[in-house]
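The next block holds one structure in the form of structure tokens; read it before the comments.
Only the coordinates and a few stated rules stand behind these numbers; no lab work does. These figures come from a predicted structure and were not determined experimentally. Note that we place each Cβ from the backbone using ideal geometry, even for glycine, and neighbour counts take in every protein chain shown.
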Amino acid sequence: MQVIAFNGSPRKGGNTQTLLAEAVRGAREQGAEVTVYDVNWMNIKPCQNCGNCDNEPKCVILDDMQTIHQDIRSADRIIVASPIFFYGLSSQMKAVIDRCQAFWAEKYVRNKPIPAGAHGRKGLLLLVGGMKKDEKNPGFHCSEVTAKAFFRTLNVQEHQTLGYGSVDEKGAVLKHPTALTDAYEAGKELVAVSTKSQISNLK
Ligand SMILES: Cc1cc2nc3c(=O)[nH]c(=O)nc-3n(C[C@H](O)[C@H](O)[C@H](O)COP(=O)(O)O)c2cc1C
């Protein structure tokens, strides 16, 4: 089982990275192969809306997204982890998402979604924000809808979301009563192959 995971935070050893590490640990313990992209330190330019990918399944910008595009095609599971910045995903994470417009055109214009593969395609969204998580705070909702559009564009038909508010200073997530365990369990669950799909793979 191939898993790719995006760390959208620029803070080394921050809350996003800590939470993601637990999910990755859970997935690896189940035998999954996990590649983590620390996107803040990669060469990823913003989408230029050049329109080239309307006609061919390729982005013309030759940077680190070329590798990510290939890995997205072969991944069985995709993890997006991001801090909430100004009520949305970090700009680092959003740049990756926008550069997946080529997959949007492939799926919704040319009707060629990424094949589901042997294990189907599933996702996990991990969010942390400094503000309280309540009905007056749109940050979790805004991030969720963007991530959902991303996942569905990549033909990830289902995903789980874990979001933690009041997690602000570096290391705050370590003090949360359940966040790390939740993420670890979610990582395990993400790559668990159900008996049903094991049987159908044998057919
Ligand atoms: C530019 C910026 C904007 C932020 N905007 C929000 C916000 O809109 N809502 C929120 O809950 N927290 C906001 N925060 C706080 C971060 O989400 C919080 O500190 C988080 O724990 C950072 O995660 P990290 O340690 O993984 O980088 C913001 C922080 C920064 C630096």
What do you get for chymotrypsin sites (Phe, Trp or Tyr not before Pro) in the stretch 1-107 restricted to DSSP loop and a cutoff of at most 13 other Cβ within 10 Å of the site's Cβ?
Phe86
Obtain the nm distance between the two label points defined at Asn111 and Arg73 by a simple spin-label model: each point lies 7 Å from its Cα along the Cα-to-C-beta direction.
2.2
3J(HN,Hα) from dihedral phi, the stretch 38-43, Karplus parametrisation 6.51/-1.76/1.60, rounded to Hz, x for glycine, proline
8, 5, 4, 9, 9, 8
What residues have an amide H closer than 5 Å to that of Tyr164, excluding those fewer than 5 places away on the same chain, when H is modeled at 1.01 Å from N in the peptide plane?
Leu127, Val128, Gly129
Rounded to a whole number, what is D in µm²/s for the stretch 2-202 from Stokes-Einstein with the Kirkwood radius over alpha-carbon pairs (4 °C, 1.567 mPa s)?
75
Which one, Cys59, Tyr37, Leu19, projects farthest toward the positive side of the charge dipole computed for the stretch 1-79 from Cβ point charges (K/R +1, D/E -1)?
Leu19
